[in-house]
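Here the structure comes first, spelled out in structure tokens, and everything after it is commentary.
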Amino acid sequence: MDKARKLFIAGNWKMNKTVAEGLDLAKDLKRDLALVRDVDVAVCPPFTGLYQIGQFLDGSNIKLGAQDMYWDKFGAFTGEVNAAMLKDVFCACVILGHSERRQFFHDTNETVNKKTKAALAARLKPIVCVGETLQERESGRTELVVKDHVTGSLAGLKAEELVEITIAYEPVWAIGTGKTATTRQAQEVHAFIRKLLADMSDSSTAARIRIQYGGSVKPANAKELLGQPDVDGALVGGASLVARDFVDIINNARS
Ligand code: PGA
């Protein structure tokens with residue numbers, strides 16, 4: 001693999017899998033990915049599965065991630081979990097600002113920014129999601145929206161913090177729809193994001209930050225998408241729920 005940045009492929013299980021089902025999937029992945037060292041791999045089960053799946057994967061080459069968190073340290077925030085709690089159940093990373101959370105649960109750049117800072121303070125690596133809707137793309141506003149998401153969600157972060165972050169570019173119109181951005185569309189936005197990151201820090205910092213693509217990534221399109229110069233991995237939803245598909249995505253990306 002000749003990319004400067006090591007590929008990072010994460011599975012976002014969303015609201016799927018009981019603990020037992022998640023453990024079954026984790027068992028298959030641990031077995032089938034045991035020899036993979038040249039790609040960083042993570043799975044992000046729902047909160048209920050984190051402890052047991054994390055315990056099962058602990059010490060393996062598959063890292064554990066959560067799908068969201070709250071920024072405060074503790075207290076009267078019914079229904080929320082904080083970064084320390086996620087660390088406590090083996091999490092190494094956390095997805096923040098996923099478009100489904102922005103759309104259905106009122107996440108904004110401001111709250112994603114607070115969550116990102118809280119995750120970093122707890123040494124939890126954030127995967128910060130950004131991306132435009134179909135309407136925004138069709139009205140020529142992709143760059144505006146992506147810029148707003150990137151600069152807003154990462155406001156105030158220093159270069160040494162930015163390098164701990166992974167950005168996931170996920171065009172909303174490609175999520176769960178079977179429509180994938182073309183390699184050209186993906187590369188264009190990824191390069192644009194890298195330029196924004198350079199403007200926020202410097203070009204050598206920007207060159208170290210991994211930018212994942214997300215939105216209907218499948219075994220059949222993984223190699224081409226992840227072969228683009230600024231595509232450094234994938235955030236995989238639907239296809240991460242089937243061991244064979246997730247393993248094939250990783251192997252196809254490596255080949
Ligand atoms: P998808 O989801 O792979 O099912 O399109 C990606 C995501 O939402 O992270």
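Descriptive notes on the structure:
- Elements of type helices (runs of 4 or more DSSP H) in region 82-188, at least 2 residues being touching a helix residue (DSSP H, G or I) at 6+ places or on another chain (Cβ under 9 Å) and away from the ligand (no atom under 16 Å from the Cβ): 83-88, 109-121, 134-138, 142-153, 159-162
- Test: E132 is of a type outside the set (A, V, I, L, M) and in contact with a Pro (Cβ under 7 Å, 6 or more places away or on another chain): yes
- Single match in G59, G49 (criterion: more than 19 Å from the chain's Cα centre (by Cα), farther than 23 Å from S255 by Cβ and of a type outside the set (V, I, T)): G59
- Residue ID - surrounded by the most Cβ atoms within 10 Å (Cβ to Cβ), chosen from residues in region 116-146 that are among the polar types (S, T, N, Q) and without any contact (Cβ under 8 Å) to a residue 12 or more places away in the chain: S139
- Number of the condition not met by V36 [criteria: (1) in contact with a helix residue (DSSP H, G or I) (Cβ under 7 Å, 6 or more places away or on another chain); (2) farther than 18 Å from G233 by Cβ; (3) assigned to a loop (DSSP other than H, G, I, E, B)]: (2)
- Residue in region 203-212 that is assigned to a loop (DSSP other than H, G, I, E, B), more than 15 Å from the chain's Cα centre (by Cα) and more than 12 Å from the ligand (Cβ to nearest atom) present: yes
- Residues of region 213-255 that are in a loop (DSSP other than H, G, I, E, B), modelled with pLDDT of 95 or more, of a type outside the set (A, V, I, L, M, F, W, C) and more than 10 Å from the ligand (Cβ to nearest atom): G227, Q228, P229, D230, D232.
- Among the candidates V41, V36, V19, residue that is surrounded by 14 or more Cβ atoms within 10 Å (Cβ to Cβ), more than 20 Å from the chain's Cα centre (by Cα) and at pLDDT 95 or above: V19
- Picking from residues in region 1-16 that are more than 14 Å from the chain's Cα centre (by Cα) and under 22 Å from G227 (Cα atoms), the one that is surrounded by the fewest Cβ atoms within 10 Å (Cβ to Cβ) is D2.
The values are calculated or read from the model by the stated rules, or taken from the named source; none is laboratory data. Since this is a predicted model, take the numbers as computed values, not measurements. Please note: Cβ atoms are built from the backbone with ideal geometry, for glycine as well, and neighbour counts cover all protein chains shown.
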